[in-house]
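Take a look at the structure below.
The values are calculated or read from the model by the stated rules, or taken from the named source; none is laboratory data. Not measured: the values here are computed from a predicted model. Note: ideal-geometry Cβ built from the backbone for every residue, glycine included; neighbour counts use all protein chains shown. Heavy atoms of the whole protein, side chains included, go into the accessibility calculation; ligands, DNA and RNA do not. Shrake-Rupley method; radii C 1.70, N 1.55, O 1.52, S 1.80 Å.
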Amino acid sequence: MEKTTTASLTAKKTMIGQRLNKPDAPDKATGKTRYINDMVLPQMLIGKVLFAGRPHARIARLDTTAAEKLPGVHAVLTGKDVAGLKFGFVRDNVPLKDKVRCEHDEIAAVAAETEEIAQRALELIEVEYEDLPGVFTPEDGAREGAPQIHDNFPGNKSLHFEFKDGDLAEAEAASDFVVDNVFRPHHVTHCCMGTSCAIADFDHNGKLTIWTQTQYPYNYKMDLAPALGIHPGNIRVIQPPVGGAFGSKLDVYPYEPIAALLAKKTARPVKVMYSREEEFKASPTRQSAIIHMRTGCTRDGTLTFRTADVLMDNGAYTSWGPTIPVVMMRTVSGHYRVPVVDFKAQAIYTNNPYAGSFRGYGNVQAAWATAQQMDMLADLVDIDPLEFHLKNAQKSGEVTPQKSILNECVFVECLETAAAASDYGRKRKEYAAERNKPGRYKKGIGLASSIHNAGGAKIHKSDGIGTILKVDDYARVTVITGASEIGQGIDVVIMMIVAEELGVPPEHVTIVNNDSDIAPWDVGVHASRTTFIAGNGTRRAAQKARAQILNAAARALGELAEDLDLRDGSVVRNRDGAPLLKLERLMRQMHFQPEPELVMVTDYYEPNSEPEGAKYSSNSSAAYSHAVHIAEITVDTLTGEIKVDKVTVAQDVGRVINRMGLEGQIEGGIAIGLGYALSEDMRIEKGMLKNPCFRDYKLITAPEIPTFDLHFIESYCVEGPYGAKGISELPTIVIAPAIANALYNATGVRIFNPPMSPEKVARAIHERRVQATSPDGGVIPS
Amino acid sequence: MQEITTYLAPRRLDEALRATADGDATVFCGGTDLAPQTESGVRQYKAKLLSLRRIEELGGIEAEGHEIRIGATTTISEIRRSSALAEIAPVLVEATEHFASEQIRNAASVGGNLCNASPAGDMSPPLLVLGAAVELACWREGAVRTRRIPLEEFFLGPGKTAKLPEELLTAVVFERPVVDFVGRFRKSGPRPALEISTVSVAFGARIANGLLRGVRVAMGAVAPTPLRARHVEAALEGKPLDAATIAAAVAATTEDAKPIDDVRASAWYRSHLIQVFVEEVLNDVRRN
Ligand SMILES: Cc1cc2nc3c(=O)[nH]c(=O)nc-3n(C[C@H](O)[C@H](O)[C@H](O)COP(=O)(O)OP(=O)(O)OC[C@H]3O[C@@H](n4cnc5c(N)ncnc54)[C@H](O)[C@@H]3O)c2cc1C
């Protein structure tokens, strides 16, 4: 089969680093996608939940008789029906409550033929409450004699974390400068466009099928089972397309067992779906906290120590929110080279809504503090501010006090690239000089960075993933994987990796990843892990298939396997790319020969990280990464409005896999971070949410999106797929402190409690001016 | 929610007026206020739902004569695109620029904006400085009866107007402003798009021989109704537009604006913004 070859044939094209559309994009853009929220099953009933609507109360009387009698109502459940079905991180939650501990506590649930009947039934339920004094801040909850929220959690104490390393007293003594501030990161919520929804159905053998938005289908079974009193093995989880998750679906929330319990009682499928108002009130929040942080350094700009004392508002129940110190402390101890650390965090139960996990997972709050203190110190030391950052930035091979091993670390390159691209040094100096001159509009530039796990996070016993890969008679590939797709784009990554290894067009790859009875185990979509973990799993499986195919091709062609390659749907000669045999044909030959052979391989990939452990001293991620953001803003010093003009990003991405997905994740992540920084704010007054709608809860909209200048720094992570690292949380983490630092650069004010809303900024600037012009001679601090 | 048993979408005004003669119908035009209000439960539907959108005589902008007339069902988008209004009353068109989003502007009507009587409604301040009146009609004794009242007297409180339940707002009218009339509008909210005003300010006056004449200043979201800022007006009337006058006008805002704290902004911030905007608007007029 000798053929003439051309130069273009010999060049092996790589998929890695290309820009590919998500396969689900056309259907989503045209409205064809059937989200879980759109699903209707035959015989399906609608479930609705009666919320308490008060923060703390005893239920004196509960009468459901009238609701039960309403025609079209099939079941009414209350706390009595679920006694003992405890679930949650510390088993402090039940699907339906016998005492009210927060505004959205689920008191009763109905299943009815239609939503209108279900709604009417809720109105017929009679409840008498005896209100109890509430606890609405963690400080109040921690006070002696504070009202008790759970009988079995004395002092309202929830989770506690500590990490210490080095001699603090010595480090303090060696410090020339110490900054000491209290930061108060606030409550925000995910605002998924698809509201919370679950559809449950039991068969007569007692097996539950639940259609859910979960991001962690396998551990989800384990968490859901106790809320239903059934064995996790009797749960099948199906994940239809979802309208966003961002961490909000990394736990079981009461509406899910409620749907299942109603389905069990009625022997019909039951769907529970929140309205937007219910979504605002009853879905989890980002953890709010009070962070007392101190950072010290010497005159020449060498960091000496960092301490953090964190008090967290647990809310009424414990989901994943109060576990964020696990990530926070890695930032406190590892954001720059910190020789001595002292970290403490205590979560206190309150009658507020409770926090779950949310993109950035504690690092949003931690970096809000660490990155601002770095900026403060940069103004105090005797060296150039950028020099100060570079001096303390870790390099490859360093190990943090918590034993995070920074194998391929390009923090320095990130800092240098972002600073050069934005002309940071010159502008920072120039804007600071303008700060106290007259003029309504002030420009500012701010640098912030952080470190985050980029190779999974071994918070469970395993951080692995199972993959099954098959190639059919038409050379179409199916990857059956535990990796969930919740819109983040793992589908394209898997398609590209298969295409890279097997030389098939990416659109010939089908992914099956939405049914726990089919796909093998995975931890879930969280911790910026899926491209890293599932990418490795897919690559390993594809390489097994590749070896099998090339061996068969070698036999068929009488060549050596190592002289062959798979490109453009054919077996080719490695040397010059000459096509020798169509892959499709080979697949059929393998199948229909006397000793038939099918290509179907399995793989279980476990990253080389160590379990988190009780002492928090382990290399818990297989990789770590840094990002630097430089925000350029214009502040209207009278209205307090901050316009973000431009954001320069330099992020260690390991290696670009899908360039378009990467850009989307970074820009989308920043959009979430911008909302956190500037406008999003759950206005919770005495436990009650005052702004449960998009009119009053301000998301960032298209006109506020700044210009982006993105720089992907490729560090080629040895453990990552093709060198890639996880990337998706850092964008959300770093932007807010970058803007805070820019605000200071522009105006000389710092806001410690986000969001930096126009009102807060205007007031701070106004107060600074009043102070500066006051007769007792306030000098404008700069 | 009460069940809607009758839905009416007449083509003629008299049919609509007959349908509301008992004062017992839910009237809507774009529905952009009504839908969120009924959805959130602050307001209930009545059994009879009446749409005004098909009534041709309630739409349209008449800008030829001495009196300018904007039909009640005219959408915010129509005002925004009207070249006649851009020339005659740019202050009104300016206020449509910052109004909601394209989709909402295409549905939202000027009549709905006024009848909703939100203190933050964006059509009110510019119409107040144009000296507008509203035309109200009802069906009585076998005929259509209309009356006019100045817009200022129309607003009674948040969501409350002088319109009787059986009446419909048919048009908003104002005298063609004189050629040397200058007007400005400014609103603020924490976001550039899709934002309810935290506060808003409109200014209108003539400058004759260097002196301000016929000054009208209106404010939104600083009191239970949109209002004319009489103290600010007094500080400006007959004065040259110089730094001293502007300072006096800014100082006078505290007499007119009595804002409250709510979930969107504190009273302090609203008072502060009003001062900023009055100063900004006056400086802008002075410069041009
Ligand atoms: C997302 C969003 C953003 C918004 N942004 C803004 C904004 O920036 N600025 C602003 O001012 N408003 C804003 N609004 C509010 C609303 O769009 C406006 O007030 C709009 O002008 C209302 O007009 P409509 O035709 O939709 O009123 P409808 O909802 O149809 O009616 C409003 C009220 O007026 C009554 N009504 C309507 N027409 C008549 C009539 N001819 N006679 C008698 N009664 C009548 C109705 O019964 C109802 O009580 C916003 C609304 C939304 C949903």
If R0 = 25 Å, then A:Asp24 and B:Glu102, at their Cβ-Cβ distance, give a FRET efficiency to the nearest 0.05 of 0.40
Which residue, B:Val93, B:Val263, B:Val199, tops the fluctuation ranking in a GNM of chain B built on C-alpha contacts under 10 Å?
-> B:Val263
Could you name the lysines whose alpha carbon sits less than 16 Å from that of A:Lys22, not counting residues in the same chain fewer than 8 places away?
-> A:Lys32
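Stretched out fully, how many nm does the piece from A:Ile518 to A:Asp563 gain, at 0.36 nm a residue minus the Cα gap? Display every interim value, and only then the final one.
On the way: separation 45, 0.36 × 45 = 16.20 nm, distance 3.63 nm.
In short, 12.6 nm is gained.
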Give me the lysines in straight-line cross-link reach of B:Lys160: C-alpha distance below 21 Å, same-chain residues under 8 apart excluded.
-> B:Lys46, B:Lys48, B:Lys258
Exactly which trypsin sites (Lys or Arg not before Pro) in region A:364-469 are in a DSSP loop and have at most 14 other Cβ atoms within 10 Å?
-> A:Lys395, A:Arg440, A:Lys461
Between region A:48-122 and region B:211-288, how many Å separate their Cα centres?
-> 52
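Using a 10 Å cut-off on Cβ to Cβ distances, tally the other chain neighbours for every residue of A:628-639 and report the average as a whole number.
On the way: counts 0, 0, 0, 0, 0, 0, 0, 0, 2, 1, 7, 12.
Mean shielding by partner chains, rounded to a whole number: 2.
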So, with a 1.4 angstrom probe, what is the percent of accessible area on chain B that is carbon and sulfur?
-> 50
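In terms of the ratio Rg/(2.2 N^0.38 Å) built on C-alpha atoms, what value belongs to region B:6-51? Numbers along the way, then the final one.
On the way: Rg = 10.9 Å, N = 46, 2.2 N^0.38 = 9.4 Å.
Here the Cα radius of gyration is 1.16 times the empirical estimate.
What is the extension gain from A:Lys157 to A:Arg61, computed as 0.36 nm multiplied by their sequence separation minus the C-alpha to C-alpha distance, in nm to one decimal?
Values: separation 96, 0.36 × 96 = 34.56 nm, distance 2.93 nm.
Residue separation times 0.36 nm, minus the Cα-Cα distance, leaves 31.6 nm.
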Which of the pairs A:Lys157/A:Lys690; A:Lys80/A:Lys458; A:Lys646/B:Lys187; A:Lys48/B:Lys187; A:Lys99/A:Lys157; A:Lys686/A:Lys760 have their Cα atoms more than 29 Å apart in this structure?
-> A:Lys80/A:Lys458; A:Lys48/B:Lys187
Rounded if a/c is under 1.5, else prolate if a/b is larger than b/c, else oblate: which is region A:673-782, with a ≥ b ≥ c the root eigenvalues of its Cα gyration tensor?
-> oblate
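Counting other C-beta atoms within 10 Å, and keeping those with at most 13, which DSSP coil trypsin sites (Lys or Arg not before Pro) do you find in region B:146-187? Numbers along the way, then the final one.
Working: sites: B:Arg147, B:Arg148, B:Lys160, B:Lys163, B:Arg184, B:Arg186, B:Lys187; in loops: B:Lys163.
Passing both the DSSP loop test and the Cβ count: no residue.
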On average, how much accessible surface per residue is there in the protein assembly as shown, in Å², for a 1.4 Å probe, leaving out ligands, DNA and RNA?
-> 39
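Answer rounded, prolate or oblate for chain A, using the Cα gyration tensor with square roots of eigenvalues a ≥ b ≥ c: rounded when a/c is under 1.5, else prolate when a/b is larger than b/c, else oblate. Mind dumping the intermediate values first?
Working: a/c = 1.93, a/b = 1.10, b/c = 1.76.
In terms of gyration-tensor shape, oblate.
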Only Cα pairs under 8 Å and at least 6 apart count here; give the relative contact order of region B:181-287 as a rounded whole percent.
-> 23
Between A:Thr634 and B:Ala35, how many nm apart are label points set 7 Å from Cα along the C-beta direction?
-> 3.4
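Compute the signed sum of charges (Lys and Arg +1, Asp and Glu -1) over the other residues within less than 11 Å, Cβ to Cβ, of A:Pro401. Before the final figure, lay out the partial values.
On the way: positive: A:Lys164, A:Arg306, A:Arg330, A:Arg337, A:Lys403; negative: A:Asp165, A:Asp342, A:Glu398.
Residues close to A:Pro401 contribute a combined charge of +2.
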Region A:500-507 - phi-based ³J(HN,Hα) in whole Hz, Karplus 6.51/-1.76/1.60, Gly and Pro as x = 4, 7, 10, x, 9, x, x, 6
Normalised by the number of residues in region B:56-175, what is the relative contact order in percent for Cα pairs under 8 Å and 6+ residues apart?
-> 28
Quick one: what are the phi-derived ³J(HN,Hα) couplings along region A:146-162, Karplus 6.51/-1.76/1.60 with θ = phi - 60°, whole Hz, x for glycine and proline?
-> 5, x, 8, 8, 10, 4, 9, 10, x, x, 6, 7, 9, 6, 9, 9, 8
The long-range amide H neighbours of B:Ala120, using H built 1.01 Å from N in the peptide plane and a cut-off of under 5 Å, are B:Ala221
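If you add up the charges near A:Gly726, with Lys and Arg at +1 and Asp and Glu at -1, over every other residue whose beta carbon is less than 11 angstrom from its beta carbon, what do you get? Provide the component values of the computation, followed by the final result.
Working: positive: A:Arg529, A:Lys725; negative: A:Asp652, A:Glu729.
Residues close to A:Gly726 contribute a combined charge of 0.
In Å², nearest 100, what accessible area do chains A and B bury in total when the solvent probe is 1.4 Å? Walk me through the numbers on the way to the answer.
Working: alone 29680 and 13560 Å², together 41410 Å².
The A and B chains share an interface burying roughly 1800 Å².
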B:Arg140 versus A:Arg588, label points 7 Å from Cα toward the beta carbon: distance in nm?
-> 8.8
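Filter the chymotrypsin sites (Phe, Trp or Tyr not before Pro) in region A:401-495 to those in DSSP coil with at most 14 other Cβ atoms within 10 Å of their Cβ, and list the result. Please list the in-between numbers first.
Values: sites: A:Phe411, A:Tyr424, A:Tyr431, A:Tyr441, A:Tyr474; in loops: A:Tyr474.
Sparse-neighbourhood loop chymotrypsin sites (Phe, Trp or Tyr not before Pro): A:Tyr474.
What is chain A's relative contact order, in percent, from Cα pairs under 8 angstrom and six or more apart in sequence? Walk me through the intermediate numbers first.
On the way: 1993 pairs, mean separation 121.9, N = 782.
Contact order relative to length: 16 percent.
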Among B:Gly183, B:Ala162, B:Val173, the residue whose Cα sits farthest towards the positive end of the charge dipole of region B:134-190 (+1 at Cβ of Lys and Arg, -1 at Cβ of Asp and Glu, taken about the Cα centre) is B:Gly183
Distance in nm between label sites at A:Ala420 and A:Leu41, each 7 Å beyond Cα in the beta-carbon direction?
-> 5.8
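Report the local net charge at A:Ala66: Lys and Arg +1, Asp and Glu -1, summed over other residues whose C-beta lies under 12 Å from its C-beta. Each step should come with its number before you reach the end.
Working: positive: A:Lys69, A:Arg120; negative: A:Asp63, A:Glu68, A:Glu123, A:Glu126.
That sum, taken over residues with Cβ under 12 Å, equals -2.
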For chain A, the accessible surface attributable to carbon and sulfur atoms (probe 1.4 angstrom, ligands and nucleic acids excluded) amounts in percent to 53
Using θ = phi - 60° and the Karplus relation 6.51 cos²θ - 1.76 cosθ + 1.60, list the HN-Hα couplings for region A:199-207 in order, rounded to whole Hz, with x at every Gly or Pro.
-> 10, 10, 8, 9, 8, 6, 8, x, 8
Pull up all non-local amide H partners of A:Ser570: gap of 5 or more, or a different chain, and H-to-H distance under 5 Å with H placed in the peptide plane.
-> A:Leu583
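Add -39500 (n - 2.57) for each DSSP H run of 4 or more in the protein assembly as shown, then divide by its residues: what number comes out at 222 nm, to the nearest 500 deg cm²/dmol? All intermediate terms of the calculation are to be shown ahead of the outcome.
Values: 32 runs with 329 residues, N = 1070.
Using -39500 (n - 2.57) per qualifying helix, the result is -9000 deg cm²/dmol.
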Starting from the amide H of A:Cys409, placed 1.01 Å from N in the peptide plane, find each other amide H under 5 Å away whose residue is 5 or more places distant or on another chain.
-> A:Ser396, A:Gly397
